[in-house]
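Report on the following structure.
The values are calculated or read from the model by the stated rules, or taken from the named source; none is laboratory data. Computed from a predicted structure; not experimentally measured. Quick reminder, even Gly has a Cβ in these numbers, built from the backbone with ideal geometry, and neighbours come from all protein chains shown. For the accessible areas, the whole protein counts, side chains as well, though only heavy atoms, and no ligand, DNA or RNA atoms are used. Shrake-Rupley method; radii C 1.70, N 1.55, O 1.52, S 1.80 Å.
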Amino acid sequence: MKPSSRLDRLPPYLFAELERKIREKKAAGVDVISLGIGDPDTPTPKPVVEALCAGIRDGATHQYPSNRGRPELRNAFARFYERRFGVALDPETEIVPALGAKECVFNLNLALLDPDTLALAADPGYPVYTGGPLIAGAEAVLMPLLPERGFAPDLDVIGGDVAERARLMFLNYPNNPTGAVVPDGLFERAVEFGRAHDVLIVHDASYTETTFEGYVAPSFLETPGAKEVGVEIFSLSKGWNMTGWRTAAILGNAEAVNTYWRLKTNIDSGMFEAVQLAAAAALDAGAPEDMKALYQRRRDLVCDALAEIGVDVSPPRGTIYVWAPVPEGHTSASFCELVLEESGVVVSPGGAYGPNGEGFFRISLTMDDERLAEAVERLRVSLGG
């Protein structure tokens, strides 16, 4: 068997590698605490589960679903966006459900990129922003996210040739992996850029419902002119503890949404309709507020402990991650390897999220307080604290 050459363009997927290392350590009898993958450890809210059970009992949901999604789900997204962000969306033309944000990102690349085009991707950023263009046979050009700029790309330095070849720009706030929130003016500047260069702005809004200290994350679609040049990918995975449900949607520019849908009809058969009904119930109920308090408490626990052992870390105002610099004398990879070998704790190397992630590591807060505290204590020992 000869694999497709497109697979040779892809580096090993970060989280698949982390899972492999975890399996190896556990098989060797190591008590591993994994803080590498952002998978919520608390259950999906009970009313959402009950809505799923009711949907499953309805035999009408057992047939092929529509790729456009049930009206109940599209209308629920429209109600949620109106209530939460003050954004009006047409459920018929501006909303299509997706099987998670990852699927949506990949399919947007396939739908909109050709081999001589490129996508602008945040660096550091979710690896799919760079992997998607490679799968499509196109190119990913990195936009550095630097601490001194609040982890915001400088759109003014993107060269003319790059801007003219670009068809997509991926943004994500609150940001994975850095935890940064969107700086004032960035969304407005992105709309200007998209309009000037005919680039579709794609905002991954996977963490808007997980914020702290009273901060309320905006939608990109709130920005004047955003629907003319962009779409938003909204996921229920983190805000509602629904990672395994694969529930998201693409919303915004009607032409882009339809282009995505045209490709999607040839790739999958849509989302199980009982899951769609449960997702509609989740949206109508809103994200559970107690999750913000849970993650803020865990954030504080981790940041306080890291500060005590000399790690200069800034508490994030959003997401379920802490982004911290590695100790002097280490690369991201060498530090994470040291932590795994000496303490049995898995953290993500910043360099795996892009060249500008080098020198950092990411801790996921998706672990109960007791194990999280134990993991931080093990880190203290590894660092000689």
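Brief remarks follow.
- Rolled with a 1.4 Å probe across the full set of protein chains, the surface gives H197 an accessible area near 50 Å².
- Electrostatic dipole magnitude of the range 1-123 [Cβ: Lys, Arg +1; Asp, Glu -1; Cα centre; debye, to 20]: 340
- A dipole drawn for the range 5-164 from +1 and -1 charges on Cβ atoms has a positive end, and of I135, G36, L110 the residue lying farthest that way is G36.
- Max mean-square fluctuation residue, GNM over the chain, Cα-Cα springs under 10 Å, options L338, L200, L277: L338
- A prolate overall shape is assigned to the range 227-376, the ratio a/c of its alpha-carbon gyration tensor axes (a ≥ b ≥ c) being 1.5 or greater and a/b exceeding b/c.
- Atom-type composition of the exposed protein surface of the range 1-123 places 55 percent of the accessible area on carbon and sulfur (1.4 angstrom probe).
- Among the listed values (i) 74, 50, 34; (ii) 58, 55, 53; (iii) 153, 53, 35, the one computed from these coordinates for Cα extents along the principal axes in Å is (ii).
- Ignoring the sites themselves, the chain has its longest run without GluC sites (Glu not before Pro) in a DSSP loop having at most 11 other Cβ atoms within 10 Å at 1-212.
- Put the Cα centre of the range 257-295 next to the Cα centre of the range 320-383 and the gap is 31 Å.
- Rolling a 1.4 Å probe across the protein heavy atoms gives the chain an accessible surface of 42 Å² per residue.
- Placing unit charges on the Cβ atoms only, positive for Lys and Arg and negative for Asp and Glu, gives the chain a dipole magnitude near 960 debye about its Cα centre.
- Per-residue HN-Hα couplings for the range 312-328 [Karplus 6.51, -1.76, 1.60; θ = phi - 60°; Hz; x = Gly/Pro]: 7, 10, 9, x, x, 9, x, 6, 10, 10, 10, 10, 9, x, 6, x, 4
- Phi angles across the range 24-37 convert, under the Karplus curve 6.51 cos²θ - 1.76 cosθ + 1.60 with θ = phi - 60°, into 3J(HN,Hα) values of 4, 5, 5, 5, 8, x, 7, 7, 8, 10, 9, 10, x, 10 Hz, Gly and Pro given as x.
- Partners for K26 among lysines (Cα-Cα distance below 27 Å; same-chain residues under 8 apart left out): K238
- Within the accessible area of the range 304-382, the carbon and sulfur atoms contribute 49%, probe 1.4 Å, all protein chains present.
- Over the chain: helical MRE at 222 nm, DSSP H runs n ≥ 4 each giving -39500 (n - 2.57), nearest 500: -12000 deg cm²/dmol
- Whole-Hz ³J(HN,Hα) from phi, Karplus 6.51 cos²θ - 1.76 cosθ + 1.60, for the range 248-261, glycine and proline x: 7, 7, 9, 9, x, 3, 5, 5, 5, 4, 5, 4, 4, 4
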